[in-house]
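Notes for the one structure printed next.
No lab work stands behind these numbers, since they all come straight from the coordinates. These figures come from a predicted structure and were not determined experimentally. We place every Cβ from the backbone using ideal geometry, glycine too, and count neighbours over all the protein chains shown.
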Amino acid sequence: MAWFETNSRPNPNEILLAIVLKGDNNNNNSTTNIETPKNQQIKENNTFAGLCGIVSHGQSQSPCPFPPSPFPPAAAKEEISKQATGEIATADIGLLLLSPFRRTFVSTHAISLLLHYLLDPLPSEDHQSQDDALSPDDAPSQNNAPSKSGLGMRRIQWQADADNQASVNCAIRMGFKMEGVMRWHQVLPFGKGKDYYTPKDGNGSGDDKMPRMGWDGRIWGNGRHTALLSLCWDDWLGEGGGRERVDALVARR
C-alpha cells in the first residue's frame, strides 16, 4: 500500500486495478492445463487474484484519458474523447498475478477486459467511418449509447523482460505482435536480473566496462533488456480478427 500511495495514486496517467474473482469463476471445468487453476481449494467468493494496470501515453500537460472507474458512463466517455484530441492514443498494460492463478483463465479474462475497454470504439464512432462520425453535439444520448464500448485508442503496448518468455508468450497468445527488444531499457534494483557487471570470463553475463554510477552519484544496479509488443486498432477491429480471437479464448471456459 505504501508503494501504491507514493507511486501509483498520485500519477494521473496510471490506473492500478485489483483482480477479484467471483465464487463460480474458481470452478473451472476446462480440461487444458493452461486454463486450470493450480490451487483448486481457492473457491471463496471475492478471491483476490492479482493486479493489472494501465499507463497512458498522452501528453503530460493534458488531463488523463482514464476516469476513476474502468467502466465509465457515456457522459464521461464523451469528455474523454474531447480530452484525447491530439493525444498519442497509446497505453501500456501489465499484469501481476498471485502464483496459484498464473497460467490460468484469470490472465486471459483480465487482459480481455483491458483490451475491450481500451480498443473498442467510443459510442459515437461505433460502426461508423471517420467521415461519417458524429460531432460531439450530435453524439447519442446516454440512453441510446451501446452498453459496452471503449476508449477507441490506437495502440496498446506490452513490455516484458526479454528473458521472461512466459510473459512474452502470454502477450502473443492474446494477439500482440513482437516489435523488437529495447536494449538496456531499465536499471534494476540491486540483486535483480542478470549480473551484467561481471564479465563472462568471470561467470557473469556482461562486461566490466558497463557504467556503474549515475549522473546523480548513485551506484546503479543491473540492466534489463525489454521486449516490446503491441496490439493496434487495426489488429483488433480489422481483418486480422483480434477482437474475435480474444473473445474465443475467453469463451473456452
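Per-residue Cβ neighbour counts within 10 Å put Lys192, Lys22 in the sequence Lys22, Lys192, beginning with the fewest.
As a calculated quantity, the FRET efficiency between Glu244 and Leu98 at R0 = 30 Å, using C-beta atoms, amounts to about 0.50. Across the range 157-253, the convex hull enclosing all Cα atoms gives 135 Å³ per residue. Taking amide H atoms as placed 1.01 Å from N in the peptide plane, the amide H of Leu122 lies under 5 Å from those of Gly150, Gly152, each 5 or more residues away in sequence or on another chain.
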